[in-house]
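Working notes, beginning with the structure itself.
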Amino acid sequence: MTNPYNQNLDQNPANHQPLTPLTFLERAASVFPDQVAIIHGDLRQNYLNLYTRSVKLSSALNKAGIKRGDTVSALLPNTPAMLECHYGVPMSGAILHSINTRLDPAVISFQLNHAESKIMIVDSEYIALAKEALKHTKNKPKIIEYDDIEYIGKREKFKSINYDDFLNEGDETFEWLMPEDEWDAISINYTSGTTGDPKGVVTHHRGAYLLAQGNALTMSMPKHSVYLWTLPMFHCNGWCFPWTMSAISGTHVCLRQVRADKIWHSISEYKVTHLCGAPIVMSVIVDADDIDKRKINHSVQFLTAAAPPPEKILTEMNRSGFNVTHLYGLTETYGPAVVNDWQDHWSKLTQEDQARLKARQGVRYLPLEGLDVLDPITMKPVPRDGKTLGEVMFRGNVVMKGYFKNPKATKEAFSGGWFHSGDLGVMHPDGYLQLKDRSKDIIISGGENISSIEIEEVLYRHDAIEIAAVVAMPHKKWGETPCAFIQTIDKHGISEDELKTWCMKFLASYKIPKKFVFTTIPRTSTGKIQKFLLRDKAKNF
């Protein structure tokens, strides 16, 4: 039967516009033009200035030949330029490709080639890294160098265009491009590449709009909140917080480096209300020297993801004046899509019980339509008993469009009408999710995903190694680090130092195992390595 309310009531420009987080900045600049948008060292940039510079960036990109659907890459730390890129690049119709500054040149080169990047905006600190990556890049993107006022290191000589000079080529009256459809891509972010090459996760304007608002609503962020950038903006577009802060006309406090003295100073001086990061950031905060610490007289919300924080860290953060909330998500869900929403009556429980509850990942974010733990074969929900393992799955508007140029992986990821996370977990009777294992053996170290398979492949190249198995090992500072179990070929002797040197040839420093254990590796009758036994051993190191 035809719905009578649909007859002759069509979409038109008066009643329908594509959702995009870009409008948040336009509104903030119109309503609160003098509100401080960015604090960075001695720089104070208000919303009108941020909007104007973003528009000029979009105009300059268009004058440089950037068209709808082109890719613009950014190799930048947490600086004003990175915030401007989150607006100016999509305002030009292009897709923003934020690059992890910790990657090695080969991986960056792969991403530039795969994403077909036309322009690359690079901080002066990473020019040498960019030069090395460009040696193996087929289509050389035009390089724009950002000379940050807070960078005091060596300047590498390289033929590039100065970022501010490039902006000055733009027109501040430029009519920037709204997406033609809210399903249009806004960014591409690459996974760590658990097997083979990294996958390019494509996100859209609608999802970014919804998750950006979801951050504010889920975390009850008031207007004009002050956000400290301890989370890398290159990581899932900073969990969409570059757009969230414009929605609430808040203030960004940028940090080039996550340092205890800078963090404590910023929180005290600028009355920071919110910050995000992996458990390592909490360790940096609580382990700071007494001379750097400040007394906090206001509420500070710390949002953390990755491995559950140790009970000791949670207790020390609470004593220091921070309220910690555990989040969970993936690059494919724009960052956080699950929150450990705290129930008031839990605060009356013992510290031990509270720590156990805080270790759970939680319930779905406001803009996420579906979250469940399913049997991946039957696609039926597992019993909500807190014991039965299943695969964590998502569905809704804050799930990616798919993997760029990878229809096979996209089809597999969306099999059965759900996004398959690859993470194993349980569902508790109260509907709260808890992760139990990672089906792809990902190690989360300092908030960065490390593939155990990638490390194993490097180890297997060594002539002395018969079997290599890498698992996560608890680490006080980083949360988790790789631990390698090695079974050598008969009559071949090798030391831990030799293997570390070997790994340094092929891996980024943070991926190198912190411990090598020479042993006979346990396997099943079919030859499968019993990693669960190795994980148990690693817990005691």
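The values are calculated or read from the model by the stated rules, or taken from the named source; none is laboratory data. Since we're looking at a predicted model, the values are computed, not measured. Here the Cβ is made from the backbone with ideal geometry for all residues, glycine too, and neighbour counts use every protein chain on show. Just the protein is used for accessible areas: all its heavy atoms, side chains included, with ligands, DNA and RNA removed. Shrake-Rupley method; radii C 1.70, N 1.55, O 1.52, S 1.80 Å.
If you count only protein heavy atoms with a 1.4 Å probe, what accessible area per residue comes out for the stretch 479-541, rounded to a whole Å²? Before the final figure, lay out the partial values.
Details: 3700 Å² over 63 residues.
Per residue, the stretch 479-541 has 59 Å² of solvent-accessible surface.
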From the Cα centre of the stretch 254-277 to that of the stretch 444-510, the distance in Å is 34
Which whole number of Å³ per residue matches the convex hull of the alpha-carbon atoms in the stretch 220-378? 134
Which percent of Cα-Cα pairs in the stretch 103-160 sits in each 10 Å bin, short to long? 25, 55, 19, 1
Taking all protein chains together and a probe of 1.4 Å, list MET178, MET393, MET219 from the most accessible to the least accessible. MET178, MET219, MET393
Rounded to the nearest 500, what is the chain's calculated 222 nm mean residue ellipticity when only DSSP H runs of at least 4 contribute -39500 (n - 2.57) each, over all residues? -8500 deg cm²/dmol
If every alpha-carbon in the stretch 260-352 counts as one equal scatterer, what log10 I(q)/I(0) does Debye give at q = 0.10, 0.18, 0.19 1/Å? -0.28, -0.87, -0.95
Amide H contacts under 5 Å for THR71, placed H, 5+ residues apart: ILE95, LYS118
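What ranking do 44-55, 226-237 get when scored by the average of other Cβ atoms within 10 Å per residue, highest first?
Final packing ranking: 226-237, 44-55.
Of all the accessible heavy-atom surface of the chain, with the other protein chains kept in place and a 1.4 Å probe, what percent is carbon and sulfur? Could you put the intermediate results ahead of the total?
Numbers: 12080 of 24260 Å².
Carbon and sulfur: 50 percent of the exposed surface of the chain.
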Gyration tensor (Cα only) of the stretch 299-367 to equivalent ellipsoid, semi-axes in Å sorted down, yields 21, 13, 11
With the charge dipole of the stretch 1-144 built from beta-carbon charges (+1 for Lys and Arg, -1 for Asp and Glu) about the Cα centre, the Cα from SER73, LEU134, ASN62 projecting farthest to the positive end belongs to LEU134
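How long are the semi-axes of the equivalent ellipsoid of the stretch 1-115, defined as square roots of 5 times the Cα gyration tensor eigenvalues? Whole Å, largest first. Before the final figure, lay out the partial values.
Numbers: eigenvalues 209, 108, 33 Å².
Values for the stretch 1-115, descending: 32, 23, 13 Å.
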Enumerate the lysines that LYS476 could reach by cross-link, defined here as Cα to Cα under 19 Å, with residues fewer than 8 away along the same chain left out. LYS312, LYS358, LYS511, LYS514, LYS515, LYS537, LYS539
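Of LYS56/LYS199; LYS154/LYS505; LYS477/LYS531, which pairs sit farther than 27 Å apart, going by alpha carbon to alpha carbon? Write down the numbers at each step before the final one.
On the way: LYS56/LYS199 31 Å; LYS154/LYS505 24 Å; LYS477/LYS531 24 Å.
Checking Cα-Cα distances, LYS56/LYS199 exceed 27 Å.
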Phi-based couplings in Hz for the stretch 352-362 (Karplus 6.51, -1.76, 1.60; Gly and Pro marked x): 5, 5, 5, 5, 5, 6, 5, 6, 7, 6, x
Taking a probe of 1.4 Å and leaving out DNA, RNA and ligands, the stretch 265-332 shows per residue an accessible area in Å² of 42
So what are the ³J(HN,Hα) numbers for the stretch 377-387, from phi and the Karplus equation (6.51, -1.76, 1.60; θ = phi - 60°), rounded to whole Hz, Gly and Pro as x? 8, 8, 6, 9, x, 6, x, 8, 10, x, 10
Give or take rounding to whole Å, what are the principal axis extents of the alpha carbon atoms in the chain, in descending order? 72, 61, 60
Can you list residues whose amide H is under 5 Å from VAL338's amide H, if they're 5+ apart or on another chain and H is modeled 1.01 Å from N? TYR328, TYR365
Residue-normalised value, i.e. accessible area per residue, for the stretch 368-420 at 1.4 Å probe, in Å², stands at 51
Long-range amide H partners of LYS515 with built H, under 5 Å: ALA484
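Quick check: net charge around SER266, other residues with Cβ under 11 Å of its Cβ, Lys/Arg +1 and Asp/Glu -1? Display every interim value, and only then the final one.
Numbers: positive: ARG259, LYS262, LYS271, ARG294; negative: ASP261, GLU269.
My count for the surroundings of SER266 gives +2.
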Rg and Dmax of the stretch 376-528, Cα atoms, in Å? 18.7, 57
